[in-house]
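Notes follow once the structure below has been shown.
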Amino acid sequence: MDTQIRKGLIEFCVLTVLHKKDSYGYQMIKDLSDYIEISESTLYPLLRRLEIAGYLTTYTEEYKNRLRKYFQITKKGKEYLYSFKKEKIQIIEILNFIESEGEQDDR
């Protein structure tokens, strides 16, 4: 998959995971692994950007005598995710256009 497209989709994948439930980095990577490849070096800077943008917040909880950092989607993050979902129809139309143009070239 093209890097730019993948980069744009990853943030919505992360927000989708957090919309279902609060989570921590390693768990998010596991949850997303069936859908999109993501590494820690990609995930953590993305989480920081989403936090700075106000799309998520963090908190810590103790787990096996260590503090684990959890991420939680905010109202603003839910609105951002919802706006992307609303654009899905337009995205599908664009993909269909691209696909149909490719088929015409094959003739």
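Rule-based calculations on the coordinates, nothing more; no lab input. All values derive from a computational prediction rather than experimental measurement. With ideal geometry, Cβ positions are generated from the backbone for all residues, glycine too; neighbour counts draw on all protein chains shown.
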> Where a Cα-Cα gap under 30 Å defines reach, which lysines qualify for K86, not counting those fewer than 8 residues away within the same chain?
Replying inline: K7, K20, K21, K30, K75, K76, K78
> Which of the GluC sites (Glu not before Pro) found in the range 2-107 are in a DSSP loop and have at most 15 neighbouring Cβ atoms, other than their own, within 10 Å?
Replying inline: E37, E87
> When the Cα centres of the range 1-39 and the range 42-107 are compared, how far apart do they sit, in Å?
Replying inline: 7 Å
> According to a simple spin-label model (label point 7 Å from Cα along Cα-to-Cβ), what is the distance in nm between T16 and E87?
Replying inline: 1.5 nm
>> Please report Rg (one decimal) and Dmax (integer) in Å for the Cα set of the chain.
In response: 16.8, 64
> What fraction of the DSSP beta bridges in the chain is antiparallel, stated in percent and rounded to the nearest 5?
Replying inline: 100 percent
> Between L95 and Q4, what is the label-to-label distance in nm when each label sits 7 Å out along the Cα-to-Cβ direction?
Replying inline: 1.8 nm
> Anyone know which of I73, I94, I38 comes out most mobile in the 10 Å Cα GNM of the chain?
Replying inline: I94
